[in-house]
1. What is the residue count in the range 357-376 for residues that are surrounded by fewer than 20 Cβ atoms within 10 Å (Cβ to Cβ) and farther than 16 Å from K333 by Cα?
2. Filter the range 80-96 down to the residues that are in contact with a helix residue (DSSP H, G or I) (Cβ under 8 Å, 6 or more places away or on another chain) and among the hydrophobic types (A, V, I, L, M, F, W, C), then identify the one that is modelled with the highest pLDDT.
3. Considering each of A76, A142 in turn, give the residue that is within 22 Å of G19 (Cα to Cα), surrounded by 14 or more Cβ atoms within 10 Å (Cβ to Cβ) and modelled with pLDDT of 85 or more.
4. Among what's in the range 53-66 and is open to solvent by 10 Å² or more (accessible area, probe 1.4 Å) and in contact with a Gly (Cβ under 9 Å, 6 or more places away or on another chain), pick the residue that is farthest from L199 (Cα to Cα).
5. Looking at E338, E329, can you tell me which residue is in contact with a helix residue (DSSP H, G or I) (Cβ under 6 Å, 6 or more places away or on another chain), over 18 Å from G168 (Cα atoms) and among the acidic types (D, E)?
6. Scan the range 280-312 residue by residue and report those that are assigned to a loop (DSSP other than H, G, I, E, B) and either closer than 26 Å to V141 by Cα or outside the structural domain of S158 (by the TED database) (or both).
7. Being modelled with pLDDT under 85 and surrounded by 17 or more Cβ atoms within 10 Å (Cβ to Cβ) narrows it down to one of L204, L195, L109, L122, so name that one.
8. Would it be correct to say that P390 is in contact with a helix residue (DSSP H, G or I) (Cβ under 8 Å, 6 or more places away or on another chain), assigned to a loop (DSSP other than H, G, I, E, B) and either at pLDDT below 90 or open to solvent by less than 20 Å² (accessible area, probe 1.4 Å) (or both)?
Amino acid sequence: MARILILEDDTTFAQLLEGFLTKNGHEITLVTQVKQSFKQVENNEFGLLLIDYRLPDGTGLEVLSHIRDLGLSIPAIIMTSFNDVRTAVRSIQLGAFDYITKPVNPDELLMVIKNSLAKKDLKSVEPKETNSDFIKGKSAVADKLYEHISLVAPTDMSVIIQGESGTGKEFAARTLHQQSKRADKPFVAIDCGALSKDLAASELFGHVKGAFTGALNDKKGQFEAANGGTLFLDEVGNLSYEVQIKLLRALQERVIQPLGSTKQIPVNVRIITATNDDLANSMQQGEFREDLYHRLNEFKIQLPPLRDRGGDLELFINHFIQLSNRDLERNVKSVSNEAKTLLLSYDWPGNLRELSNVIKRMVLLSPGDVAQIGALPDEMMISVHHQSAPGNSSDLKAVNEQNEKALITETLIKVRHNKSKAAKILNIDRKTLYAKMERYGIE
């Protein structure tokens with residue numbers, strides 16, 4: 001059981017969610033506006049946030065930013081419509097655990113909530129080795145990637161891992177650690193994107209009691225926790241300029257000074273950083289220190305996006321099906337030709353993370369041993385249709401109409417041309433559906 005805050009402006013849908021989750025043992029608080037959610041998270045403790053993306057007074061991303069600035073660590077799930085999925089993928093960078101598309105499938109929702117709460121419970125525990133849950137791939141780019149990792153791992157060089165969101169930067173960092181001379185020492189990972197500016201220095205370097213308001217006890221920083229091992233700083237470009245200065249000093253002098261203390265503590269850590277942005281651009285714009293950049297960039301590893309990994313995609317699909325069968329107690333042995341074509345045609349903006357989520361959802365929604373196309377998210381079909389549509393242009397109205405026509409067509413096919421069901425799924429009335437079918441020439 002968890003205390004869950006639901007931020008959703010559709011009151012009917014919110015009440016349905018409340019009833020369903022209450023029956024499953026959760027305690028629910030409902031709000032309809034971003035400002036209301038701010039007050040709730042400031043004054044109450046929640047185990048999980050379930051947040052709509054589009055709201056009357058803002059977006060769900062503002063809520064994620066707010067809880068980060070407060071220094072809170074609450075798992076959050078973004079609920080989004082088909083057309084906002086790429087934005088939802090970006091919400092992962094702000095600390096969201098996952099996203100789920102509307103209309104929400106009850107089993108999928110329970111699965112995502114269970115995974116979110118499980119991750120929270122394990123947060124303070126040293127992560128277990130996860131090599132068995134990953135697969136390297138066999139493409140030329142994969143071979144080059146692991147050749148670079150094997151080359152630099154045994155050294156103490158600082159490494160920057162660069163790649164899009166979801167490409168597996170933390171896994172690459174863990175692999176570097178496991179192949180290094182420090183493998184028997186701690187591996188500590190910090191998501192700098194989820195740290196507030198005020199608490200980042202305390203998290204990295206620690207503090208003594210009374211160093212600032214709320215510092216009720218001494219705290220050991222993550223530099224000290226990782227002593228002898230590897231410290232992985234994800235989204236390092238989000239650190240404030242002041243913290244960058246302290247980080248540079250720690251790397252140069254191999255000492256840290258907890259906030260509010262005059263004592264200097266010697267540390268011996270290897271630094272691995274990751275970013276989905278080009279730090280060189282941030283440096284040119286004055287947002288990232290040049291001297292720190294060069295200190296961190298002794299070796300750079302570029303992680304390729306999933307769309308550039310060729311035959312590895314099918315390998316990953318089969319791998320994630322096996323993992324999902326194990327975790328969900330399903331027995332999916334194959335994928336229909338129609339579903340496989342869609343999986344291989346989609347451009348995967350969320351990379352391996354998105355692929356893992358989609359396959360897990362597909363397996364969950366497949367009662368038999370063959371997964372069908374209906375178990376895949378509708379936005380994938382819309383995206384593939386849009387990519388392959390002739391005359392694809394930057395005309396916003398034309399693009400919107402093209403997407404709308406594709407969505408209506410795919411929905412009608414999915415419900416076998418039951419127009420009442422299609423209208424309900426599309427959240428429009430039958431009269432509007434008929435008008436749009438006539439306008440777009442949909443038979």
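The values are calculated or read from the model by the stated rules, or taken from the named source; none is laboratory data. Quick caveat, the model's predicted, so the values are computed rather than measured. Glycine also receives a Cβ, built like all others from the backbone with ideal geometry; neighbour counts cover every protein chain displayed. Each accessible area value is taken on the protein alone, full model and side chains, heavy atoms only, with ligands, DNA and RNA left out. Shrake-Rupley method; radii C 1.70, N 1.55, O 1.52, S 1.80 Å.
1. Count: 1.
2. Here the answer is A96.
3. After ruling out the rest, the residue left standing is A76.
4. Step by step, filter the range 53-66, then rank; the result is R54.
5. Result: E338 is the single residue among E338, E329 that is in contact with a helix residue (DSSP H, G or I) (Cβ under 6 Å, 6 or more places away or on another chain), over 18 Å from G168 (Cα atoms) and among the acidic types (D, E).
6. Step one: list which residues in the range 280-312 are assigned to a loop (DSSP other than H, G, I, E, B), which gives 285-289, 297-298, 303-305, 309-311.
N297, E298, L303, P304, P305, R309, G310, G311 - these are the residues of the range 280-312 that are assigned to a loop (DSSP other than H, G, I, E, B) and either closer than 26 Å to V141 by Cα or outside the structural domain of S158 (by the TED database) (or both).
7. L195
8. The answer is no for P390.
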